[in-house]
Amino acid sequence: MKFKNYIFVLVLILTCGFSQAQITFETKVSKKRLGLNERLRVDFQMNKDGDNFNPPSFEGFRVVGGPNQAVSNSYINGKRSFSKTYSYFLSPKSKGTYTIKQATIEIDGATYKTTPVKITVSNAVNKPKDGNNADFVASENVHLVAEVSNSNPYLNQAITVIYKLYVSHDVSITSSWREVDTPKYADFWSQNIDTRGDFKVHEGQYKGEDYRYVVLRKTVLYPQKTGKLDIEPLTLDVPIDVKGNRRDIFGRRLMSRVNKTISAGSRTINVKPLPLEGRPDNFTGAVGNFSFNVTTKTPTLDANESLELVAKVSGNGNLKLFDLPTINLPSSLEVYEPIRDNKVSIATSGMNGYFTETYTVVPQFKGTYPIRPISFSYFDVSSKSYKTLSSEEIIINVENGPVPKTEVSENNTNGNNKTTVLSKDQFKYIKLDANLEPIQKDSFFKSKLYWWLLCAPFLFIPLFIIIGKQRENRRNDFEGNKLRTANRLAKRYLSEAKKNINNKATFYEALERALHNYLKAKLTLETSEMDKGRIANMLTEKNVAGNVVDGFIGLLKSCEFARYTPASNVTIQQDYNKAVEVIATIDKQIDKD
């Protein structure tokens, strides 16, 4: 019988081990050596479903596809076959030897790990031009193009970059592409144009062949320096469906999906400087086609009232990238810093709209004040020349206010130039004779207050000496200080016990500390000497009545019993009142003695 039992246990162990060995979790790769321009497929495959799958970090690779999950569950001759796979598509970042580290998953409460796999990445390889190769077909039928409106612009002239994805009719793609690298525009002022509302498929041609294309992005650029400037490329990871040679039962060709990384390529923009010939002195960098004016809504007002003077530039060009000329006004007009406002929209042609600078002007005197025409210059790209615009002259009439005395220069050839001479009555409201009087006529020196302040320190010296000696004597009285400290602590703990009368534990703890500190003050006892018999004898020696001594000892016992027995609020209040009464009685009897 024992032999049969051993056989049974052995079979059971082998059966469990065999079932445990049936669970597999492994890493499969499409190749272990690949070129820098090739893709690697990594499959994590298991033969039993699990939870909490955790992939490795894929150091040295960029994940361009996945994770894709596939489950196969079949029955052959009554035997179940299960397979679950997590697939990733990787693109190497650089040459070298890398390791696909362990992935983990939990199956039936146990954690399983894959075996690390080493991958070698070599130089880019020449891919065969095979029409039956899905990678080659995908690369030949999908293209990303960056169309630049002008590769040789002037400084601060708008150019547009439009990114188009061309797809032939032989392959198809989904909208699940992903940006791998976003273009950067160093040395450009840039603004993206929202194309989400116009995302549709167009028909066009690429290198003379019919293609479909979509516009992925539109960006307006204004170069901020001259010379050759590079635009970094836009790179996408695109899943492409390619028709294969295999067919289904209906004769249709099966599609195979290929993930491709495609790039628009970098573009170089050669930026020309603005010509020096004919450049006006007041040119501030405006490039485009503009109009300019200066206006005010209230040319007639009174002194100390304010008016708004608005300088406005509108048109098409680099509206946000230059300054307006400064408005110079007569000194009798007070001018505040301008407030800038703009309403600019951005299209493929560049910035369109206007911006304004609003000055607040406050005249000080009555009179007529001309504001000379103001000039604004810009570079016109279409005519490749500078143009200057001037505003109209504005006359400001101040009807009411102080009147300055003005004279016209005899040598003036222009009637608009006037020399303003301020009237002598302009500052008549300022009081010149202040009639100042001294604040105090009597001299402080040798006064009663002077002598008192001088002698007061000497009068207080004896008082300070007496107080200092008393403090020194009090500081040297160690026993007295100890008694005073204990008495002060007893009063403090007794008041603390009263505050916690609704909390039994805290109340009796504070009451016990108060009684101990009281004994320290009255009997010069240390905590280690506080035996109830010793306390009773010392109180009796101090001529304290026996019933009072019994009451004090009873309070100490109540504090000890309260830790282990319940007590009502009535009992707590009675103990507090008894403590106050007993301490007061002991004070009277000891002091009397």
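The values are calculated or read from the model by the stated rules, or taken from the named source; none is laboratory data. Since this is a predicted model, take the numbers as computed values, not measurements. Every residue, glycine among them, receives a Cβ derived from its backbone with ideal geometry; neighbour counts consider all protein chains shown.
Is it true that some residue in the stretch 231-239 is touching a Phe, Trp or Tyr at 6+ places or on another chain (Cβ under 6 Å), assigned to a strand (DSSP E or B), over 30 Å from L155 (Cα atoms) and aliphatic (A, V, I, L, M)? Checked against the condition, which is being touching a Phe, Trp or Tyr at 6+ places or on another chain (Cβ under 6 Å), assigned to a strand (DSSP E or B), over 30 Å from L155 (Cα atoms) and aliphatic (A, V, I, L, M), the stretch 231-239 yields at least one hit.
Of all residue pairs spaced 6 or more apart or on separate chains, those with beta-carbon atoms under 6 Å, a first member in the stretch 282-300 that is closer than 24 Å to Y386 by Cβ and a second member that is assigned to a loop (DSSP other than H, G, I, E, B) and hydrophobic (A, V, I, L, M, F, W, C) are T284/F322; G285/F322; A286/F322; V294/I374. The set of residues in the stretch 366-415 that are surrounded by 15 or more Cβ atoms within 10 Å (Cβ to Cβ), modelled with pLDDT of 80 or more and outside any strand (DSSP E or B) comprises K366, R372, I374, V381, S391, P402. Within the bounds of the stretch 74-97, is there any residue that is part of a loop (DSSP other than H, G, I, E, B), closer than 30 Å to V125 by Cβ and without any contact (Cβ under 8 Å) to a residue 40 or more places away in the chain? Yes. Test G315 against the stated conditions and say whether it is surrounded by 15 or more Cβ atoms within 10 Å (Cβ to Cβ), under 24 Å from V220 (Cα atoms), out of contact with any helix residue (DSSP H, G or I) (no Cβ under 7 Å at 6 or more places or on another chain) and without any contact (Cβ under 8 Å) to a residue 40 or more places away in the chain. For G315, the condition - surrounded by 15 or more Cβ atoms within 10 Å (Cβ to Cβ), under 24 Å from V220 (Cα atoms), out of contact with any helix residue (DSSP H, G or I) (no Cβ under 7 Å at 6 or more places or on another chain) and without any contact (Cβ under 8 Å) to a residue 40 or more places away in the chain - is met. Number of residues in the stretch 145-201 that are in contact (Cβ under 8 Å) with a residue 24 or more places away in the chain, surrounded by fewer than 17 Cβ atoms within 10 Å (Cβ to Cβ) and of a type in the set (F, W, Y): the value is 1.
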